[in-house]
Amino acid sequence: ANKELNDWDSILKRNSTVVFMYGNHEDRYFRWLKSPDNAKYGDLLSPAKALRLEERNYIVITDYRNGVYHIGNLELYHGDLTNIHVAKKSLDTYRRNTMFAHTHRIQVYREGDYASYNIGTMANLNAPAFGYAPRSMREKWANGFGVVINYDGNTYTQVIEVKGDHF
């Protein structure tokens with residue numbers, strides 16, 4: 001993972017703000033540590049320490065259920081909703097502009113001046129690590145990312161779909 005982050009860091013401008021937001025997968029670390037049986041493994045590095053996020057000068061948000069980062073009038077969060085129309089559900093729930101990636105799907109839902117962006121994931125969806133999910137779930141996932149331009153507090157957002165190694 002550090003090699004991947006090194007590659008990522010090499011293409012970012014030095015004055016870029018990079019936010020690393022924990023999600024439910026990183027949160028497993030905290031849930032796992034709560035078990036007394038796991039104390040026998042000693043002091044395991046947290047995801048933030050193992051990935052040297054502080055050294056990289058990343059902003060780290062570890063509370064994935066409540067953590068939020070704002071860009072202008074857009075609220076970025078990991079996500080916790082999971083229904084089939086999750087972009088609409090996010091807008092109905094929060095009534096503001098949101099962007100998230102929890103469900104690994106790509107969706108956009110807009111009502112007037114407000115929109116919700118589900119930006120997908122950036123992963124090898126056939127990797128063994130995703131074996132926990134049935135095929136019916138994985139086939140709904142999509143690789144993608146969001147581009148946000150902030151102009152005077154207003155955000156202009158585009159969701160970019162990735163197919164293979166192209167976008």
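The values are calculated or read from the model by the stated rules, or taken from the named source; none is laboratory data. Here the structure is a predicted model, which is why all the values come from computation and not from measurement. With ideal geometry, Cβ positions are generated from the backbone for all residues, glycine too; neighbour counts draw on all protein chains shown. The protein model used for the area step is the full one, side chains on, heavy atoms only, and it has no ligands, DNA or RNA in it. Shrake-Rupley method; radii C 1.70, N 1.55, O 1.52, S 1.80 Å.
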Out of curiosity, is GLU75 part of a strand (DSSP E or B), open to solvent by 40 Å² or more (accessible area, probe 1.4 Å) and acidic (Asp, Glu)?
no
Only one of TYR132, TYR156 is under 25 Å from PHE20 (Cβ atoms), assigned to a loop (DSSP other than H, G, I, E, B) and open to solvent by 40 Å² or more (accessible area, probe 1.4 Å), namely TYR132
Within segment 53-68, the residues that are buried (at least 16 other Cβ atoms within 10 Å of the Cβ) and in contact with a strand residue (DSSP E or B) (Cβ under 8 Å, 6 or more places away or on another chain) are LEU53, TYR58, VAL60, ILE61, TYR64, GLY67
Scanning segment 20-44 for residues that are open to solvent by 50 Å² or more (accessible area, probe 1.4 Å) and within 21 Å of the chain's Cα centre (by Cα), the one farthest from TYR132 (Cα to Cα) turns out to be PHE30
Next item on the list: Looking only at segment 43-64, decide whether some residue is among the polar types (S, T, N, Q) and not in a loop (DSSP other than H, G, I, E, B).
Entry: no
Suppose the filter is modelled with pLDDT under 95, of a type in the set (Lys, Arg), out of contact with any Ser or Thr (no Cβ under 6 Å at 6 or more places or on another chain) and within 29 Å of ASP9 (Cβ to Cβ); does LYS163 pass it? yes
